[in-house]
Amino acid sequence: MTTGSGFKSGYAPSDGAKIYFESAGAGPTVVFIHAGVSDRRMWDSQFDFFAKKFRVVRYDLRGFGKSEMPDLPYSNRADLGNVLLHLKIDKAALIGCSMGGATAIDFTLEHPERVTALLPVGAGVSGWNEWSDEGIRYFTEFMRLAKEGNIERAREMDAVLWLDGPARDPSRIDPSYRRRAREIHKDNFSFTRFAHPEQELKPPAIGRLREINCPTLVLVGDSDTPELMKLATRLAKEIPGARFVTIANAAHLPNLEHPDEFNALVDEFLIQHLDDDGSR
């Protein structure tokens, strides 16, 4: 990663925590919100690329990367709002992966006037919990390992499911992507976050998707979990006017796995929908 025009970094205060952020570039603001199996570094290839045309912001969610996790009530959407407040950003396009996608959707529903475009990537959605029997068996085994303190086995299970994809032939996975994704995953893997669930949006987003009225591009990898691929289809169906794109041979982090393809898709969408002043 390079640090181009206008690069700055620091910590934004948010409800008793310090949230680490990085910002660069100029123009309409685009905020990248990482997945729960990674940190801000999953956006390395996007941060530099989009800083050439936009003001880009990425940050570490509470309890990830350089951001702390004090034992205090919180919500990820409030942390996002406080990062924007600290940087004096009124409006932004939000690109969020997985848990970051759920955060972006929640923020969009809570502050529709502040979101110029929404791009959920393999996103979760608050209030959604429609896991298959196989998914429930996975999480039951994962939590059993957590209780036993078997960190290595649990971490490997987590990496295979989210970074490789639950059913993909390992020979189809680029080794350099796999190394990088697992490196960041290992740095952020922790059981302690399960003891600090966020305060959920009320009512949750899953029953309110039709309220979203900004330009929306839903993306998902074709080797993500079946449940999240199904959920992505639902997002595209229920969010008015949403576009839907599936990225081939990609699991839960398609931007990290296929950065050139991802950047081209997102760049085209943002140029189409964002004006120079960040409005739409």
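The values are calculated or read from the model by the stated rules, or taken from the named source; none is laboratory data. Keep in mind the model is a prediction, meaning the values are calculated, not measured. All Cβ positions, even for glycine, are placed from backbone atoms using ideal geometry, and neighbour counts span all protein chains on display. Keep in mind that these areas ignore ligands, DNA and RNA; they rest on the heavy atoms of the full protein, side chains included. Shrake-Rupley method; radii C 1.70, N 1.55, O 1.52, S 1.80 Å.
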Could you go through region 24-33 and let me know if any residue there is free of Cβ contacts under 8 Å to residues at least 60 places away in the same chain, crowded, with 24+ Cβ neighbours inside 10 Å and under 20 Å from Val121 (Cβ atoms).
no
Filter region 87-105 down to residues that are open to solvent by 40 Å² or more (accessible area, probe 1.4 Å) and part of a helix (DSSP H, G or I), then give me how many there are.
1
For residues that are farther than 23 Å from Trp131 by Cα and not charged (D, E, K, R), scanning just region 182-205, find the one that is surrounded by the most Cβ atoms within 10 Å (Cβ to Cβ).
Ile184
Selected residue (criterion: least open to solvent (accessible area, probe 1.4 Å)) from residues of region 129-181 that are of a type in the set (S, T, N, Q) and more than 21 Å from Phe191 (Cα to Cα)
Ser132
Listed residues Leu84, Leu118; which is surrounded by fewer than 24 Cβ atoms within 10 Å (Cβ to Cβ) and not polar (S, T, N, Q)?
Leu84
Quick one: in region 115-151, of everything that is more than 20 Å from the chain's Cα centre (by Cα) and among the acidic types (Asp, Glu), which residue is farthest from Gln272 (Cα to Cα)?
Glu148
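Quick grid of which residues meet (1) closer than 25 Å to Arg178 by Cα; (2) out of contact with any helix residue (DSSP H, G or I) (no Cβ under 7 Å at 6 or more places or on another chain):
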residue: Asp39; (1), (2): yes, no
residue: Ala51; (1), (2): no, yes
residue: Phe64; (1), (2): yes, no
residue: Gly101; (1), (2): yes, yes
Residues located in region 48-77, provided they are open to solvent by less than 50 Å² (accessible area, probe 1.4 Å), under 29 Å from Met157 (Cα atoms) and touching an Asp or Glu at 6+ places or on another chain (Cβ under 8 Å):
Arg58, Tyr59, Asp60, Leu61, Arg62, Phe64, Gly65, Ser67, Tyr74, Ser75, Asn76, Arg77
If you check Ala146, Ala154, Ala167, which single one turns out to be assigned to a loop (DSSP other than H, G, I, E, B) and either β-branched (Val, Ile, Thr) or without any contact (Cβ under 8 Å) to a residue 60 or more places away in the chain (or both)?
Ala167
Give region 228-237 a look and list any residue that's open to solvent by 30 Å² or more (accessible area, probe 1.4 Å) and either among the aromatic types (Phe, Trp, Tyr) or more than 15 Å from Ala102 (Cβ to Cβ) (or both), or say none.
Met229, Lys230, Thr233, Lys237
